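Chemist: Just dropping this structure here.
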Amino acid sequence: DPLCAGRLLGKGGSYGAVALIAFGCWAFGITTAQGGALTYSPETVSEAGANDGTVAGSIVIELTDDLFDPDVVAEDFVAVFNVPNGLTADLVRNSDTSITLSFIGTATKHEDRDDVSNLTVVFENNAFSVSGDASSVTGATKNDLGIDFRDAPRALVYDRTTFFESVANNGTID
């Protein structure tokens, strides 16, 4: 049938381009893998309200146009760098397309000056079960995630119950 021969029938698919070509009236599928994309939300987590060095909240890593390998976390196909001393990165694979990054423990230094702005997540090739190629996945290396620590509240400490103005009579206290 001349209507069937050599006709491009369609493109699409959620994991890459798919072309169906008809020869005679038989269709053959050709799939080409294209990279996916990772999004991180939020990009910065904060110290807990207790101001004790623990971290509240977590970062959800979502993958589109690819799938996480079932063993992405168990086999260490993803790593987290620049984690403050006292904290441990905890990764949980929620689904084929979602991982949660949270932090366990207590940061040994957790003043505002100890903020982290270069928390880095790196996925290896084996992390992705469709493409198998981290270089084709946007965001497979992300080096600008953050942890925002708070300053401890400042308190006035004194050891007297009565204060006396200095002899200079200028408002200063002896």
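Chemist: Using Stokes-Einstein with the Kirkwood hydrodynamic radius over Cα pairs, what translational diffusion coefficient do you get for segment 115-160 at 10 °C and a viscosity of 1.306 mPa s, in µm²/s rounded to a whole number? It would help to have the intermediate numbers written out before the result.
Modeler: On the way: Rh = 13.9 Å.
Value of D from the Cα-based Kirkwood radius: 114 µm²/s.
Chemist: Enter the accessible area per residue of segment 62-174 (Å², integer; probe 1.4 Å; all protein chains in place).
Modeler: Numbers: 6910 Å² over 113 residues.
With the other protein chains kept in place, segment 62-174 gives 61 Å² per residue.
Chemist: Rolling a 1.4 angstrom probe over the protein chains, ignoring ligands and nucleic acids, what is the accessible area of residue 73 in square angstrom, nearest 10?
Modeler: 40 Å²
Chemist: Could I have the simple spin-label model distance between residue 74 and residue 148, label points 7 Å from Cα toward Cβ, reported in nm to one decimal?
Modeler: Taking the simple label geometry, residue 74 and residue 148 are separated by 3.7 nm.
Chemist: Show me the trypsin sites (Lys or Arg not before Pro) within segment 77-174 that DSSP assigns to loop and that have at most 12 other Cβ atoms within 10 Å of their Cβ. Don't skip to the answer; put the middle values down first.
Modeler: On the way: sites: 93, 109, 113, 142, 150, 154, 160; in loops: 109, 150, 154, 160.
Those satisfying the criteria are 109, 154, 160.
Chemist: To continue, here is another question. At most 15 other Cβ atoms within 10 Å and a DSSP loop assignment: could you name the GluC sites (Glu not before Pro) in segment 30-109 that fit? Numbers along the way, then the final one.
Modeler: Details: sites: 43, 47, 62, 75; in loops: 43, 75.
Loop-located and lightly packed - 43, 75.
Chemist: So which chymotrypsin sites (Phe, Trp or Tyr not before Pro) in segment 110-166 end up in coil per DSSP with only 16 or fewer other C-beta atoms within 10 Å?
Modeler: On the way: sites: 123, 128, 149, 158, 163, 164; in loops: 149, 158, 163, 164.
When the chymotrypsin sites (Phe, Trp or Tyr not before Pro) of segment 110-166 are filtered for loop state and at most 16 Cβ neighbours within 10 Å, 158, 163, 164 remain.
Chemist: Ok, one more. Find out how many positive minus negative residues lie around residue 145, taking Lys and Arg as positive, Asp and Glu as negative, among other residues whose Cβ is under 12 Å from that of residue 145.
Modeler: Result for the neighbourhood of residue 145: -3.
Chemist: Taking one equal scatterer on every alpha-carbon of segment 31-174, how large is log10 of I(q)/I(0) by Debye at q = 0.09 1/Å?
Modeler: The Debye formula, applied to the Cα set alone, gives -0.40.
Chemist: When Lys and Arg each count +1 and Asp and Glu each count -1, what net charge do the other residues less than 10 Å away from residue 131, Cβ to Cβ, add up to?
Modeler: Values: positive: none; negative: 65, 66, 133.
Once all neighbours under 10 Å are counted, the net charge is -3.
The values are calculated or read from the model by the stated rules, or taken from the named source; none is laboratory data. Worth saying up front: this structure is predicted, and the values here are computed from it rather than measured. Virtual Cβ from ideal backbone geometry, glycine too; neighbours counted across all protein chains shown. For accessibility, only protein heavy atoms count, side chains too; no ligands or nucleic acids. Shrake-Rupley method; radii C 1.70, N 1.55, O 1.52, S 1.80 Å.
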